[in-house]
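To start, the structure itself, in structure tokens.
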Amino acid sequence: MQAIEFETRIDNDGHIRLPEEFHDAYGKLARLVVLLPEQGEAVVPARRQPGSARGMLRVLLEDDEHLDDFREYMP
């Protein structure tokens, strides 16, 4: 049995998202242990790591044509 640990939010529908980095576990049966903070206990959000969004956005088309719409705002 393999163990993984990560922090996530439970959405309003009760869904828990498994981070994409664990895509090899998608569709497999899993045992889940949920650790919730005590009432009143502060939850400290995880600090973002530089480069953590790398690969999430992709440029579909590089052009400067759309910048013409902003010419009047640019010095």
About its Cα centre, what dipole magnitude does the chain give when the only charges are +1 on Lys and Arg Cβ and -1 on Asp and Glu Cβ, stated in debye to the nearest 20? 580
What are the ³J(HN,Hα) values, in whole Hz, obtained from phi via the Karplus relation 6.51 cos²θ - 1.76 cosθ + 1.60 with θ = phi - 60°, for each residue of the range 4-11 in sequence order, with x given for Gly and Pro? 10, 9, 7, 10, 7, 9, 8, 6
Specify the residue with the greatest mean-square fluctuation among GLU21, GLU62, GLU38, computed from a Gaussian network of the chain linking alpha-carbon atoms under 10 Å apart. GLU62
Sticking with the crude label model, points 7 Å out along Cα→Cβ, report the distance from ASP11 to GLU38 in nm, one decimal please. 3.2
With x for Gly and Pro, the residue-by-residue ³J(HN,Hα) of the range 17-27, computed from phi through the Karplus equation 6.51 cos²θ - 1.76 cosθ + 1.60 at θ = phi - 60° and given in whole Hz, is 8, 8, x, 4, 5, 9, 4, 5, 8, 4, x
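Computed from the coordinates by the stated procedures, all read-outs in this text should not be read as laboratory data. Because the structure is predicted, anything quoted here is derived from the model rather than measured. Positions of Cβ are backbone-derived with ideal geometry, glycine not excepted, and every protein chain shown enters the neighbour counts.
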